[in-house]
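The values are calculated or read from the model by the stated rules, or taken from the named source; none is laboratory data. These figures come from a predicted structure and were not determined experimentally. Using ideal geometry, Cβ is built from the backbone for each residue, glycine included, and neighbour counts are taken over all protein chains shown.
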Amino acid sequence: MGILQIFSRRSQWRGYTVIAGGILIHLTLGTIYTFGNMTSYITSYFRAKNIESDLTYADSTWILSLAAMGQGGADVFWGTCWLRSLAHA
């Protein structure tokens, strides 16, 4: 079964899976790109509550960097899994 045959099959759940996939993509990318705006508030909150009084804005940017690297690594991993699943289909 080719990739075009997989995507051209119609089912009653196709519309729901497309909407669910769109929501998941929106949540994932929205979280990554919104964090840059929230980091100043998070850093200030940690300082105000004495959770981490010597936290700097430079320290908090590492969170965004690690999240972006994690997303890139996950993309490669899940892409490989998807290709393997197509090979076995």
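Structure summary
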item: Test result for Thr43, polar (S, T, N, Q), closer than 30 Å to Ile25 by Cβ and over 12 Å from the mean Cα position of the chain (by Cα); result: yes
item: Selection from the stretch 39-59 of residues that are part of a helix (DSSP H, G or I) and in contact with a Phe, Trp or Tyr (Cβ under 8 Å, 6 or more places away or on another chain); result: Thr39, Ser40, Thr43
item: Qualifying residue in the stretch 71-79 (condition: in contact with a helix residue (DSSP H, G or I) (Cβ under 8 Å, 6 or more places away or on another chain) and surrounded by 10 or more Cβ atoms within 10 Å (Cβ to Cβ)); result: yes
item: Hey, Thr39 without any contact (Cβ under 8 Å) to a residue 24 or more places away in the chain, surrounded by 10 or more Cβ atoms within 10 Å (Cβ to Cβ) and among the β-branched types (Val, Ile, Thr) or not; result: no
item: Leading residue by the ranking (surrounded by the most Cβ atoms within 10 Å (Cβ to Cβ)) among those in the stretch 49-64 that are at pLDDT below 85 and of a type in the set (Ser, Thr, Tyr); result: Ser60
item: Filtered residue count, the stretch 61-89, keeping only those that are of a type in the set (Gly, Ala, Ser) and within 22 Å of Ile42 (Cβ to Cβ); result: 4
